[in-house]
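**Student:** Quick one: this structure, given as structure tokens, is what I'll be asking you about.
The values are calculated or read from the model by the stated rules, or taken from the named source; none is laboratory data. Here the structure is a predicted model, which is why all the values come from computation and not from measurement. Glycine also receives a Cβ, built like all others from the backbone with ideal geometry; neighbour counts cover every protein chain displayed.
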Amino acid sequence: MTAPPRVYVYDRTAAHHSRRLLDQRLLGCRNTAERYGWEVVGVWMDLDLDAMTELPSERPKFMRLVQQMNADGHVLGRPVMCLVHNWDRLTTDNSIRPAFQRHVLGAGGHTATTFDESDARARDAFVGRHRA
């Protein structure tokens, strides 16, 4: 039996007035993790100007999440996942979203949403092609 994944919750917000929405999204992530029996490791949030950039490398909290995920996955040997409320929490630009997902993939994980969307199948196909 495989151990449940360790979940790294990510969100971002540039608007101080939307704290209630942020709290609701984070609660949704925690509820999703609880429903599936996943272990929430922590929450990383980029705020203000850091939340506005469309480059993963310019989002300090996102990059810390990926670094922690990479370290934990190798040390503990358990599946790791970045959980977001929806894909817009990474970026609203669908052409840029794969850059965020590649960072998570590089840390040995996959990305999922509270709406049961996941890039795990794409990750598994990618890993399978590169093992041969």
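**Student:** Looking only at the range 97-122, which residues are charged (D, E, K, R), crowded, with 18+ Cβ neighbours inside 10 Å and either modelled with pLDDT under 95 or within 17 Å of GLY77 (Cα to Cα) (or both)?
**Tutor:** Our first condition is that a residue be charged (D, E, K, R); within the range 97-122, this holds for 97, 102, 116-117, 119, 121.
Remaining after also requiring crowded, with 18+ Cβ neighbours inside 10 Å: 97, 119.
Answer for the range 97-122, where residues must be charged (D, E, K, R), crowded, with 18+ Cβ neighbours inside 10 Å and either modelled with pLDDT under 95 or within 17 Å of GLY77 (Cα to Cα) (or both): just ASP119.
**Student:** Oh, and also: Out of everything in the range 17-50 that is modelled with pLDDT of 95 or more, assigned to a helix (DSSP H, G or I) and small (Gly, Ala, Ser), what residue ends up being surrounded by the most Cβ atoms within 10 Å (Cβ to Cβ)?
**Tutor:** Top of the filtered list is ALA33.
**Student:** Follow-up question, since we're still on this one. Enumerate the pairs (first residue in the range 18-46 and closer than 21 Å to LEU76 by Cβ and in contact (Cβ under 8 Å) with a residue 12 or more places away in the chain; second residue anywhere and among the aromatic types (Phe, Trp, Tyr) and in a helix (DSSP H, G or I)) with beta-carbon separation below 8 Å, excluding pairs fewer than 6 apart on the same chain, so at least 6 apart or on different chains.
**Tutor:** Cβ pairs passing all conditions: TRP44/PHE62.
**Student:** Quick one: in the range 60-78, which of the residues that are under 25 Å from ASN31 (Cα atoms) and in contact with a helix residue (DSSP H, G or I) (Cβ under 8 Å, 6 or more places away or on another chain) is surrounded by the most Cβ atoms within 10 Å (Cβ to Cβ)?
**Tutor:** PHE62
**Student:** Next question, about the same structure. Check ASN94, ASN86 and return the single one that is among the polar types (S, T, N, Q), surrounded by fewer than 15 Cβ atoms within 10 Å (Cβ to Cβ) and in contact with a Phe, Trp or Tyr (Cβ under 7 Å, 6 or more places away or on another chain).
**Tutor:** Details: ASN94 fails: in contact with a Phe, Trp or Tyr (Cβ under 7 Å, 6 or more places away or on another chain).
Among ASN94, ASN86, only ASN86 is among the polar types (S, T, N, Q), surrounded by fewer than 15 Cβ atoms within 10 Å (Cβ to Cβ) and in contact with a Phe, Trp or Tyr (Cβ under 7 Å, 6 or more places away or on another chain).
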